[in-house]
Structure formats: structure tokens, C-alpha cells
Amino acid sequence: MAREFTTGKAQAVTPEDFNERVKRLLADKPDPRKAEPKGKTFKSGNPFTRA
């Protein structure tokens with residue numbers, strides 16, 4: 001983020017600057033790809049279901 005303007009107007013952002021900001025925002029968050037799928041652990045409350 002080399003450019004810091006205080007004119008109050010919107011400024012153009014380069015793709016490299018945007019990517020750097022996103023990397024900083026996501027640096028402390030866990031990786032969603034590492035999540036493990038959970039198995040079905042529910043039990044039916046219906047006494048007439050077959051086992």
C-alpha cells in the first residue's frame with residue numbers, strides 16, 4: 001500500500017496491491033481446505049424404524 005491519499009476521493013488499486021491486502025486479511029484465518037467432513041452421528045427418535 002504505497003499510496004495513501006487523503007483527498008476523500010476513490011483511488012484506483014492495482015491488482016498487486018489488492019492481492020497483498022487480501023493476503024494480509026487471510027493470513028491469520030484457518031485454511032478452509034483442511035476441514036474434515038464429519039460423519040452422520042444422529043439417532044432417530046422414531047421407535048418404529050428398522051435397525
What are the residues in the range 7-45 that are within 14 Å of the chain's Cα centre (by Cα) and β-branched (V, I, T), if any? V22
Which one is least open to solvent (accessible area, probe 1.4 Å) among residues in the range 1-33 that are part of a helix (DSSP H, G or I) and at pLDDT below 80? P32
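The values are calculated or read from the model by the stated rules, or taken from the named source; none is laboratory data. Please read all numbers here as calculations on a predicted model, not as lab measurements. Side chains included, ligands, DNA and RNA excluded: accessible areas come from the protein's heavy atoms. Shrake-Rupley method; radii C 1.70, N 1.55, O 1.52, S 1.80 Å.
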